[in-house]
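Here, each number is a calculation from the coordinates, and none is a lab measurement. Everything quoted here is computed from the prediction, not taken from an experiment. Don't worry about glycine lacking a Cβ; one is built from the backbone with ideal geometry, like all the others, and counts go over all protein chains shown.
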Amino acid sequence: MAEVSCRKVVKEYDAGVQAVKGIDLDISDHEFVVLVGPSGCGKSTTLRMIAGLEEVTSGEIWIDGDVVNDVPPRDRDIAMVFQNYALYPHMSVFDNMAFGLKLRKFPKQEISRRVDEAARILDITPLLDRKPRALSGGQRQRVAMGRAIVRNPKVFLFDEPLSNLDAKLRVQMRTEIKKVHQTVRTTTVYVTHDQIEAMTLADRVVVMNGGNIEQVGAPQELYHHPATRFVAGFIGSPAMNFLPCRVQDGTNGGLAVRVTDSITLPIPPARMDRYGKFKDRSMILGLRPEHLFEYHEQAKPGWTRVELPVDVVEPMGMETMVHFFVDGVPVCARVDPATHAEPNEILPLTADLNQMHLMEPETGRVV
Amino acid sequence: MSTTVAERRIAVAAQRKHSLHRSRMWALWGSYIALSVFVVMFLVPPFYTLMTSLKSSAEISAQTGSPWLVRHPTLENFWYLITYPNFQRYYLNSIIVTILTVAVSMVISVLAAFSLSRMGFWGSQTLSTGVFLTYLVPPSLLFIPLFQIIGQLGLINNFWCLVLLYPTLAVPFCTWIMIGYFSSIPKELDEAALIDGAGYLQMLWKIFIPVAMPGIIAATIFAFTVSWGAFLYPLAYLYTSNQMVLTVGIISDLIRGDVFQWGKIMAACLLASLPPIVIYAFLMDYYVAGLTAGATKG
Amino acid sequence: MADGTSVPIDVIAPGQVRARRNTMQRFAQRRSTTGFFLCLPLILLIAAFVIYPAFYAIYLSMLNKKMTAFVGLGNFQFLLKRHTFQLVIFQSCLFAVTSVVLKAVIGFILAHLMHNIPGKNQRIWRGLLLVPWVIPLALSTLTWWWMFDPSYSAFNWVLNQFGIDNVPWLGVGWTARFCTIAVNVWYGTPFFMIMYLAALKSVPEQLYEAAAIDGANTIQKLFFVTLPMMRNIIAITVLFSLIVTFADFDIVRILTAGGPQDMTHVFATYAFQIGIQSGDIPLGAADSLFMFPILAFAAFFVLRGVTRRTKEIAA
């Protein structure tokens, strides 16, 4: 078990394109860190640099107190689980898991002890004699994890391990991975483009975009206090609504954001100090769909009534998504399924402005 | 009223379905008949080889009756050949040359294909293209300068020159199809092996070769066929019977002046064709895979 | 990082950084160096027995018969003026073009017939139809020679049964030419069939269904779906076969050895006759080199076709 650190790590490909633009990241022992971001954000490249599969252009990667830039993957004492599992098709499950140990000249007894134990943890003991092609997707995934576990490495690296599974199995394996981590407690770096996976698995989530780290934090922290517009939009599903607005004087000496001529929302008193200095400036208002819901007679402080013309209604069962257009900008609300909503009708809604975010349009910084 | 219309409709539909079915049947039987005609035409020479090989010299020289049938089948031609030292020599030479050619070709092409499909180095792209172009060089283009070169090496009339030259015919294509098979192995597999602690040669030996086994078999079959059936090089470079291989040995030994021992020649052809035919019979799918693999790039 | 061993990057001395750069570069180079060494046997083989002989051939072709004097393009001029060589050029082209066209057409028909029958039966038929390709050509040509035998010929016997006189198959120029082509077609058609069959199978069934719904009949499906989808593989196969057929040696050498009256000689057999048998190495080399432009032309287009097909498959 070990810490992993990235110091000003840059990855530049031949054409002078920077895939990773100097990131700093410290991962402590036993921690489960998820790198998340859209495709091409540099998350996989970062992981592969930690693995030693990609060269580091500049900066340093530390594993367990040593700079490993020049250490080949086999000497870094890491294990990796790949998106397409990368099981050796000609070897049985047992041999797949034992391969790394055999190459490292472990005694036979030790190998079978470790493989058996890993198989027990992952519940794949009956499959040990099968070939990978005789396994289902979920079973292959387990074997790939087993191959990592038997090595008992300093660090586990997962490269989008669940994206080849169907939705139901993905949820199941997610739980499985979390359980395994709780058992073996190995430092883990996990890459995914799925923010739900990131939120559910991680001790800390690293949101990456365009080769940079946007924000590092615990899942709840990212959800409630996104640092940038990118993080705000990326974390949470459906994505946060963004509306261009203007901060101006409100009623009773307060502040308000004016979204359109007819929609002006009062800023809760608690936020007055924070937003005061942006008065008379064009800003972006961010409000999650779950904070825009059906109208309630008993309003709490910070709740405001808005009325919008319905565009599309999507019942999901436990809730209903209603889509609107505000000045051409799409807006989504998450309402109680009992709410009656019909296209082209006006629907009264509650906006919970205690949960609002305000961003600078130029920098995307959340203020 | 309405029921009759409906009934009629059903009847028409049934008829149409029936005629569709019938036209399909015709197409199917037509195909079978046409294919049979082609199969018969294609198999005439091998059949005739077999018939002749079973005839005694007397029956052949009698020149009476249908040459397509054998009246007094005998194995005397085969027995003669099996006990004929020269023929044994040709067979042995063919086997030695072929085994060595296949081994040398496979080692060279597997190593090169592994390198060309996975480890880019300066000029590796050009080399891949060059390999393919070399495959298109027919033996008849260069056999005269090679005659000089072989002469300078002192290998004229020495079957070892074939072990040197046959790989030039087999290696380009074998490399080419192995590049294709190796390239189809997902990159993650090498990365998993690297992380598991394998070096490049371990990766090749323990992962690539077993996974690309169908390709290895196809390439081996190709190298075997080339080396077993080649005719021009041995004809040009070998002239004594102790050095000859089957393809030239049969012609030069069993045809003396204008005396053709057809029964023996045909029996020899049959015996000489046996190894390729047996390999083909057992490994047809690999054989076909190897044939068609040349049309795509690795 | 909880431990105290980490050093901030700006503390490292510049010299240390450069040292690390160098090891990093070495690390990268090791892979390509290994790659190069793995290719070395291949490179040596091709250099020694393909590239060197090719240049050596050009050199040889410019010497006189005893290889004592340089004669420039004399051998080429000499060959071009010779009537026999003019026949060789004609026959090589006739042999190659006719054979390839026939092989392509028959192979196409066969592939379609094969495609019509259910998949599980295809194996057996394919197995039988591929036999001519499997038997070493030099050996099967011997059988053909025996079947064309003038005195007790298998073919003449059949003709006799229908009351037709003996045909001197290999004894008369044009019949002999026909015979060499027939043997080549017999030998090479299975290859075309296999290539086309593979191509036919790679045409998605939905395209035919879409065409059928758009109202295409069988012929239209052939011209608007099958042929365009197979265009590339047809081109590759035809050009590849053109190279092999053009440079063919075995059939002509065994069936006729160039006769009668040099009417069936092709480049390869003629080069063998003058270069090896008559011992005029330079003239033989010059003769072989005449093949080069046509081969290079075909090879260029094969390569282009293959590259395209690879992209198609990838896409």
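Computed values, structure above
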| quantity | calculated |
| --- | --- |
| Dipole magnitude of the protein assembly as shown about its Cα centre (Cβ charges: Lys, Arg +1; Asp, Glu -1), debye to nearest 20 | 2220 |
| Cross-link pairs A:102/B:206; A:11/A:43; A:154/A:178; B:55/B:264; A:11/A:154 - those with Cα-Cα distance over 19 Å | A:11/A:154 |
| Neighbour net charge for residue A:338 - beta-carbon separation under 11 angstrom, K R +1, D E -1 | -3 |
| Most mobile listed residue (B:221, B:149, B:33) in chain B, GNM with C-alpha springs under 10 Å | B:33 |
| Residue-by-residue Karplus 3J(HN,Hα) for segment B:196-205, coefficients 6.51, -1.76, 1.60, Hz, glycine and proline x | 5, x, 8, x, 4, 6, 5, 4, 4, 6 |
| Loop-exposed GluC sites (Glu not before Pro) per DSSP, neighbour cap 12 Cβ within 10 angstrom, longest uninterrupted part of chain A | A:1-296 |
| Amide hydrogen neighbours beyond the local backbone of residue A:130, cut-off 5 Å, H modeled | A:93, A:94 |
| Label-point gap, in nm, between residue C:73 and residue C:301 - each point 7 angstrom along Cα→Cβ | 2.5 |
| Inter-centroid distance (Cα atoms) of segment C:228-245 relative to segment A:301-367, Å | 62 |
| Cα-based shape type of segment C:74-314, given that a ≥ b ≥ c are square roots of the gyration tensor eigenvalues and the cut on a/c is 1.5 | oblate |
| Lysine pairs within segment C:74-314, Cα separation less than 30 Å, 8 or more sequence positions apart or different chains | 9 |
| Residue order, fewest to most beta carbons within 10 Å, for A:320, B:168 | A:320, B:168 |
| Three-way shape label, chain B, alpha-carbon gyration tensor, a/c 1.5 | oblate |
| Centroid-to-centroid separation of segment B:157-200 and segment A:169-185 [C-alpha atoms, Å] | 40 |
| Test item: C:103-112 mean partner chain Cβ contacts at 10 Å | 1 |
| Gap separating the Cα centres of segment C:152-184 and segment A:92-166, nearest whole Å | 69 |
| Qualifying chymotrypsin sites (Phe, Trp or Tyr not before Pro) in segment C:111-169, DSSP loop, other Cβ atoms within 10 Å at most 12 | C:162 |
| Average beta-carbon neighbours from other chains, 10 Å sphere, peptide A:2-13 | 2 |
| Length-normalised contact order for chain A - Cα pairs under 8 Å, 6+ apart - percent | 15 |
| ³J(HN,Hα), Karplus 6.51/-1.76/1.60, whole Hz, each residue of segment C:229-246, x for Gly, Pro | 5, 9, 3, 5, 5, 4, 4, 4, 5, 4, 5, 4, 5, 4, 4, 5, 5, 4 |
| Residue-averaged 222 nm ellipticity for the protein assembly as shown, from DSSP H runs of 4+ at -39500 (n - 2.57), nearest 500 | -18000 deg cm²/dmol |
| Integer Hz, Karplus 6.51/-1.76/1.60 couplings in order for segment C:113-121, x for Gly and Pro | 4, 5, 5, 6, 8, x, x, 6, 7 |
| Rounded FRET efficiency, nearest 0.05, which uses the C-beta distance separating residue B:239 from residue B:96 and R0 of 25 Å | 0.85 |
